[in-house]
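Please read the structure below before turning to the comments.
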Amino acid sequence: MDHLVVVTGGPGAGKTTLLDHLAGLGYARTPEAGRAIIRDQREIGGPGLDRDDPRLFGELMLQWELRSHREAAALPGPVFCDRGVPDLVGRHLLRGEQVPGHVAEAARRFRYHRTVFVAPPWAEIFGADTERHQSWDEAVRTHDAMVEAYPAFGYETVELPLVPVADRAAFVLERVRTSHPAP
């Protein structure tokens with residue numbers, strides 16, 4: 001699945017802004033699982049919120065990422081992914097939990113481009129919103145967990161520069177372009 005390119009990192013680091021910019025340039029992208037699940041669960045009064053049932057929330061996120069992977073795999077590349085299956089491994093590391101076998105197995109089977117882009121914590125753009133309630137400390141720890149999780153499954157992580165979104169996009173495209181032509 002060399003044409004599936006992951007952008008990961010902690011909350012509030014500019015991942016979605018970057019992916020929206022790339023989509024505006026004509027590249028395919030996947031939506032972020034966490035925000036969509038939170039919106040859906042709130043809308044229906046469901047039990048699958050992290051604060052109410054962290055295990056259920058994690059399973060919903062895993063299923064979302066597996067579905068997103070399958071859908072993205074059918075598209076021509078590159079396809080930019082707002083997180084990936086190994087993010088669920090990182091979630092367990094962040095929480096100090098043992099990674100369940102089925103989560104590790106999913107991370108082994110559902111593969112992405114070898115290079116994974118990591119948005120580092122960026123204080124100037126970090127902020128909470130209606131779906132993101134994490135603190136700055138949790139954002140930093142989430143970043144660190146992703147930087148630990150992806151290499152454990154054979155990925156190379158590349159930190160995104162703290163520059164305007166157009167420059168971030170150029171940075172990513174320069175590294176991906178050699179493998180995949182522009183849309």
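The values are calculated or read from the model by the stated rules, or taken from the named source; none is laboratory data. The structure displayed is predicted, hence computed values, not measured ones. Glycine gets a Cβ as well: all are built from the backbone with ideal geometry, and neighbour counts include every protein chain shown.
Below are the figures for this structure:
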{"quantity": "Positions within the stretch 15-71 being of a type in the set (Lys, Arg) and out of contact with any Asp or Glu (no Cβ under 9 Å at 6 or more places or on another chain), in sequence order", "calculated": "ARG51, ARG55, ARG67, ARG70"}
{"quantity": "Residue in the stretch 103-122 that is surrounded by the most Cβ atoms within 10 Å (Cβ to Cβ), counting only those that are assigned to a helix (DSSP H, G or I), touching a residue at least 12 places away in the same chain (Cβ under 8 Å) and not basic (Lys, Arg)", "calculated": "ALA107"}
{"quantity": "Residue among GLY46, GLY34, GLY24 that alone is closer than 21 Å to VAL140 by Cα and of a type outside the set (Val, Ile, Thr)", "calculated": "GLY34"}
{"quantity": "Count - residues of the stretch 34-75 that are in a helix (DSSP H, G or I) and in contact with a Leu (Cβ under 8 Å, 6 or more places away or on another chain)", "calculated": "12"}
{"quantity": "Some residue of the stretch 51-58 being farther than 16 Å from GLY10 by Cα, of a type in the set (Asp, Glu) and modelled with pLDDT under 95", "calculated": "yes"}
